[in-house]
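K.L.:
What follows is a structure written as structure tokens; I'll ask about it next.
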Amino acid sequence: MLKRATFLLSLLMATGTWAADAVSPTPAASAPVVVATAPASSASAPAALDDRVQDAKSDVIKLNRDLLVLEEELLFPANTQVALFVSMDVGKLFELDSVQIKLDDKVVAAYLYTPLEVTALHRGGVQRVYLGNLKTGTHELVAFFTGKGPHDRDYKRGATVKFEKDTNAKYIELRIQDAMGKLQPEFDVKLWQ
């Protein structure tokens, strides 16, 4: 930490933005202010300064990434973590508008989709709609999907699953699939190990 503070102090002094470089003997209304400047050492000084600034930027980016990973590990430890994902397979019989998810009779996520997001899901994208903590034991998940179904009619369906949460992280995928035999969309819940 002291190393970084020293670096920042030397950076401020080198760029001439530090007020300690100014010399001003009790300025009067007509007295000029004299600013002391450091003599230019060589042409490589600006390049060395740019390199140090770039190094500092990359250090800050690495620290930020590490802090985000640490924050997620602290907020959502693996022994209580549950993550819910939404995916679509083909999706010609159903145009998704929104999804609402309840865990143990409590709404934990609700999401409205834009046409661009629906297109991304059709192309194989998977969206994480919820990341949270659950105690070990039996839990019930209920997901409600709304949108346009066959023949451009309003469509609302639900999918329910009971699952056992153990000490490992739990990943659950909510899949929307076309059932061509029935000409209806199917809503499936897949539990990942």
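K.L.:
No solvent, one uniform scatterer per C-alpha: report log10 I(q)/I(0) for segment 81-192 via the Debye equation at q = 0.09, 0.15 1/Å, two decimals.
P.N.:
Log-scaled intensity ratios, in q order: -0.23, -0.62.
K.L.:
Would you mind putting 44-53, 137-146 in packing order, based on average other-beta-carbon counts within 10 Å, highest first?
P.N.:
Ranked by mean Cβ neighbours within 10 Å, highest first: 137-146, 44-53.
K.L.:
Fewest Cβ neighbours within 10 Å first, please rank ILE101, ILE61 accordingly.
P.N.:
Fewest-to-most Cβ neighbours within 10 Å comes out as ILE61, ILE101.
K.L.:
Hey, another quick one. Which number gives the lysine pairs in segment 103-193 that have C-alpha atoms under 21 Å apart and are eight or more places apart or on different chains?
P.N.:
Within segment 103-193, the lysine pair count is 19.
K.L.:
Work out, step by step, the length gained on full extension between HIS122 and GLN54: first 0.36 nm times the residue separation, then minus their alpha carbon distance; give nm to one decimal.
P.N.:
Full extension of this stretch gives 20.4 nm more.
Rule-based calculations on the coordinates, nothing more; no lab input. Keep in mind it's a predicted model, so treat the numbers as computed, not measured. Heads up, the Cβs are rebuilt from the backbone with ideal geometry, glycines too, and the neighbour counts pull from every protein chain shown.
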